[in-house]
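Reviewing the structure listed below.
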Amino acid sequence: MKTEKQAREEIVRFGRLMHQAGMVAATDGNLSSRLHDGNILCTPTMMSKGLMEPDDLVVVDSQGHKISGRRNVSSELAVHLLIYRRRPDVGAVVHAHPPTATGFAAAGIALDRALVSEIVVTLGSVPLANYECPGTPELADALAPLIADHDAILMANHGVVTCGADLQNAFMNMETVEHYAKIALVTYQLGKQQPLSDKHLDQLREIRMKYQAHNHAAAGHGKE
């Protein structure tokens, strides 16, 4: 597992990538990583993800109590903590507002139709959680039933949260959601969708199981 110094540098790097990709604006979004001691390293509140430095980040315990850092944590940290509690296989969480995927969330449309094979292999499907005010316990409650079986979730009228074995995986899951949302939008514009058959879905789910095992092993969550 990465040292805290490496984890800080990684969050800063992916925060900048997220900002450059247009997944967030102003001070939107947040990223976090689980440290080797079980504490959580997370981005601070009210700061652009494109302008962070390693010492801007904050360390909290598993209950969200600040351990170190000169800045304050985001009010949306509760969602990250819930995912870590429910998913011991998760090493990082990313929250962002990628425009196309967030458009689907604002329209109340889940990205759960198997339109392309890649989405089935990498994410399975992307469900929609009911709207609750950001930063409230109710938002975490709305996500809770979906966390165990999904690495990416749309939050109605809000944005997207993704998780992964490590931060790179969580970030790439966010990229995948937005890329798939763009493809799905084209099918809506064309007025036709052609989902994959049940037979092909079964084959892709087998591939997905192997893909997940590889990712967890590569991130240090596999067997020694």
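Worth pointing out:
- Considering each residue of the stretch 19-33 in turn, at least one proves to be touching a helix residue (DSSP H, G or I) at 6+ places or on another chain (Cβ under 6 Å), within 17 Å of Asn169 (Cα to Cα) and not small (Gly, Ala, Ser).
- Checked against (1) out of contact with any Gly (no Cβ under 6 Å at 6 or more places or on another chain); (2) at pLDDT 95 or above; (3) acidic (Asp, Glu), Glu206 passes all but a single condition, namely (2).
- Asp56 being touching a Ser or Thr at 6+ places or on another chain (Cβ under 9 Å) and either surrounded by 14 or more Cβ atoms within 10 Å (Cβ to Cβ) or not small (Gly, Ala, Ser) (or both): yes
- The stretch 91-108: number of residues that are over 16 Å from Asn30 (Cα atoms), in contact with a strand residue (DSSP E or B) (Cβ under 9 Å, 6 or more places away or on another chain) and hydrophobic (A, V, I, L, M, F, W, C): 3
- Contact map, the stretch 16-37: first residue on the phi < 0 side of the Ramachandran plot, second residue among the aliphatic types (A, V, I, L, M) and in a helix (DSSP H, G or I), Cβ cut-off under 6 Å, separation 6 or more or different chains; pairs are Val24/Met18; Leu31/Ile11; Ser33/Ala7; Ser33/Leu167.
- First in the stretch 121-134 and farther than 28 Å from Glu206 by Cβ, second anywhere and assigned to a loop (DSSP other than H, G, I, E, B), Cβ under 8 Å, 6 or more apart: Asn130/Ala156; Tyr131/Ala156; Tyr131/Asn157; Tyr131/His158; Pro134/Ser75; Pro134/Glu76; Pro134/His158
- Test: residue in the stretch 203-217 that is surrounded by 13 or more Cβ atoms within 10 Å (Cβ to Cβ) and closer than 16 Å to Tyr84 by Cα: yes
- Ala78 being outside any loop (DSSP other than H, G, I, E, B), of a type outside the set (Val, Ile, Thr) and surrounded by 14 or more Cβ atoms within 10 Å (Cβ to Cβ): yes
- Filtering Ala170, Ala129 for residues that are in contact with an Asp or Glu (Cβ under 9 Å, 6 or more places away or on another chain), modelled with pLDDT of 95 or more and crowded, with 19+ Cβ neighbours inside 10 Å leaves a single hit, Ala170.
- Looking only at the stretch 87-130, and only at residues there that are assigned to a helix (DSSP H, G or I) and under 14 Å from the mean Cα position of the chain (by Cα), the one that is nearest to Ser33 (Cα to Cα): Thr122
- Among residues of the stretch 83-113 being hydrophobic (A, V, I, L, M, F, W, C) and surrounded by fewer than 19 Cβ atoms within 10 Å (Cβ to Cβ), the one that is nearest to Gln168 (Cα to Cα) is Ala110.
- Among all positions in the stretch 142-161, there is no residue which is surrounded by fewer than 13 Cβ atoms within 10 Å (Cβ to Cβ), in contact (Cβ under 8 Å) with a residue 40 or more places away in the chain, under 19 Å from Phe104 (Cβ atoms) and of a type outside the set (Ser, Thr, Tyr).
- Residue count for the stretch 42-53 satisfying the condition of being surrounded by 21 or more Cβ atoms within 10 Å (Cβ to Cβ) and either more than 10 Å from Gly15 (Cβ to Cβ) or touching a Phe, Trp or Tyr at 6+ places or on another chain (Cβ under 9 Å) (or both): 2.
The values are calculated or read from the model by the stated rules, or taken from the named source; none is laboratory data. On a predicted model such as this, the values are computed, not experimentally measured, just so you know. Here the Cβ is made from the backbone with ideal geometry for all residues, glycine too, and neighbour counts use every protein chain on show.
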